[in-house]
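To start, the structure under review is shown below, and the notes come after it.
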Amino acid sequence: MSNLKNKNILLGVTGGISAYKACELSRLMLKEDAKVNVVMTSNAEKFVSALTFQYLTGNKVSTDMYDISDEKISHIDLADKSDLIIICPATANFISKFANGIADNLLLNILLATKVDIIVCPAMNVNMYENKIIQENIKKLKKNGVIFIEPESGELACGWEGKGRLAEVQNIINFLKKKFKNKKLSKENILITAGATREFLDPVRFISNPSSGIMGLCIAEEFKMRGAKVNIVAGHTDVDLSNFDSYIRINTADEMKNEIAKQLKKYSVIIKVAAVGDYKFKKIKKDKIKKDENKIDFDLEKNTDVLQFIGDKRNKNQILIGFAAETDKVIQNAKKKVKNKNLDFIVANDISKEGSGFGSKSNFTTIISSDGKIDKLGLQTKETIAEKIADKVEKMRQN
Ligand code: CTP
């Protein structure tokens, strides 16, 4: 059964060129057996007619705040009867009005009156999207619990290239399906580490690795969808972490360890995805090293093993999950890590396989548990791997 079955979804359409894609979105939501009500702004009607949505959804399309044919107060009624509201596309103008509590049309009134989750799918010119005012407004809305589905990069209708194109409709549907997934992990307080650590030699130079932070992000999103409270300690990553309950950015392995140590006991599940550097510089130079010399010498020393530190300190009720990047003897090496670092299971990633590893969309993984069980997942998208990890945690909590 689809997760969207019988869900009342209010689709708000605002006036952008990608408004036509909202027709496809409503069609796909209906295909998943959702009940869809559409509310349009008057600018949206310049791009797509209300009649199109009316025929697609079989429901009356609301556009007017003061429609005398309505028996009930329309914005309160529509706000109350929805399970979720999605604004697609959301223009810069609409986002800014919403962020500032302006309610000069039916859709904005609904957003202020509702208690359900609101998802916003921005679509606009790249310069508008990157404009500081718009970014501040998005940040403000996120802080207030509004969920954003990021626009994609590519060719824009205005002729520019860059970030601003409405997210793929199928990705929006996938997101909604996940949103209505069971909330079996709602009692969990999760810590996820993600991204790459940096060990500095001087104020401008460091050693690091190419970890993108995407695997950590996928896991964070999956656990959030299943109701968990998600906290992130991130090394270097370009991914947006502002959708989560708490996040902090650090540079070095020592900073990561200190941050985690502060509140280690409060986490019920710890997932150590971050690619932590194994070595650090013995001496960090306070001033920038000049290029006067032809040769430079430095000593490296072993870094703090953050996962080992957690494994040594953890209590029995905490679930501890590690990741391993391997190129040979994958299972053998990963098994050792499970034992030595006192883990419940490890996700071993064979980065020698094509399509797997840092920065890619997928990983070639095997899950190895402390009881010796081995699940060969093979090459899967990072989203699917995140689902498998969450399934496994759910199962462990049931037992
Ligand atoms: N890890 C860590 N601190 C380190 C090194 C690794 O917390 N200094 C964690 C990683 O976050 C990961 C796990 O340990 O969850 C395994 O990391 P990996 O790099 O595969 O293994 P290492 O323990 O560093 O061993 P090796 O590099 O010898 O394979």
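So here's what we get for this one:
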| read-out | value |
| --- | --- |
| Hz values of 3J(HN,Hα) by residue in the stretch 97-108 - Karplus curve (6.51, -1.76, 1.60), Gly and Pro given as x | 5, 4, 4, 10, x, 7, 9, 9, 8, 4, 4, 5 |
| Positive-pole candidate from Gly322, Ser352, Val204, dipole of the stretch 189-398, charges at beta carbon | Gly322 |
| Percent RCO, i.e. relative contact order, over the chain, from Cα pairs under 8 Å lying at least 6 residues apart | 11 |
| Using distinct alpha-carbon pairs, which all enter the 1/r mean, Kirkwood radius of the stretch 255-399 in Å | 17.1 |
| Assigned charges on the beta-carbon of Lys, Arg, Asp, Glu; the stretch 183-253 dipole about Cα centre (debye) | 320 |
| Size of the stretch 175-223 as Cα extents on the principal axes (Å, biggest first) | 48, 22, 13 |
| Accessible surface, the stretch 144-205, averaged per residue in Å² (probe 1.4 Å) | 45 |
| Isolated Cys residues of the chain, judged by Cβ distance under 4.7 Å to other cysteines | Cys23, Cys158, Cys218 |
| Nearest-10 value in Å² for the accessible area of Glu394, using the 1.4 Å probe | 20 |
| Derived scalar couplings ³J(HN,Hα) [the stretch 114-130; Karplus, 6.51 cos²θ - 1.76 cosθ + 1.60; whole Hz; x for Gly, Pro] | 7, 10, 8, 5, 10, 10, 10, 10, x, 8, 6, 4, 4, 5, 5, 5, 7 |
| Gain on full stretching of the segment that runs from Ser370 to Gln332 - 0.36 nm per residue minus C-alpha separation | 12.4 nm |
| Local electrostatic count at Lys224 - Lys and Arg +1, Asp and Glu -1, tallied over other residues with Cβ under 10 Å | +1 |
| Rounded tilt (10° steps) of 214-225 against the dominant C-alpha axis of the chain | 50 |
| Residue with peak Gaussian network fluctuation, the chain [Cα springs, cutoff 10 Å], from Gly195, Gly277, Gly235 | Gly277 |
| Under-5 Å amide H pairs with Ala324, H placed in peptide plane, nonlocal only | Val347, Ala348, Asn349 |
| Whichever aspartates and glutamates have a C-alpha closer than 19 Å to that of Lys183, once near sequence neighbours (fewer than 8 apart) are set aside | Asp83, Asp117, Glu221, Glu222, Asp245, Glu383, Glu387, Asp391, Glu394 |
| Förster-model FRET efficiency, 22 Å R0, Ser246 and Glu136, C-beta, rounded to 0.05 | 0.60 |
| Of Ile284, Ile173, Ile138, the one that fluctuates the most in a GNM where the chain has Cα springs shorter than 10 Å | Ile284 |
| Local electrostatic count at Lys140 - Lys and Arg +1, Asp and Glu -1, tallied over other residues with Cβ under 15 Å | +3 |
| Partner aspartates and glutamates for Lys132 [C-alpha distance under 17 Å; skip if fewer than 8 residues away on the same chain] | Glu150, Asp240 |
| Using θ = phi - 60° and Karplus 6.51 cos²θ - 1.76 cosθ + 1.60, couplings along the stretch 308-314 (whole Hz; Gly, Pro as x) | 4, 4, 5, x, 6, 9, 4 |
| Gyration tensor verdict on the chain (Cα atoms; rounded if a/c is under 1.5, prolate if a/b is larger than b/c, oblate otherwise) | prolate |
| Sites Asp202 and Asp238, calculated FRET efficiency, Cβ-Cβ separation with R0 22 Å, nearest 0.05 | 0.40 |
| Formal net charge of residues neighbouring Gln318 (Cβ-Cβ distance under 11 Å; K, R +1; D, E -1) | +3 |
| Cα Rg, Dmax, the stretch 8-179, angstrom units | 14.9, 46 |
| Amide hydrogen neighbours beyond the local backbone of Asp117, cut-off 5 Å, H modeled | Ile85 |
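The values are calculated or read from the model by the stated rules, or taken from the named source; none is laboratory data. This is a predicted model, so every value here is computed, not measured. Reconstructed Cβ throughout: ideal geometry from the backbone, glycine too, with neighbour counts over all protein chains shown. Heads up: the accessible areas ignore ligands, DNA and RNA and are worked out on the full protein's heavy atoms, side chains in. Shrake-Rupley method; radii C 1.70, N 1.55, O 1.52, S 1.80 Å.
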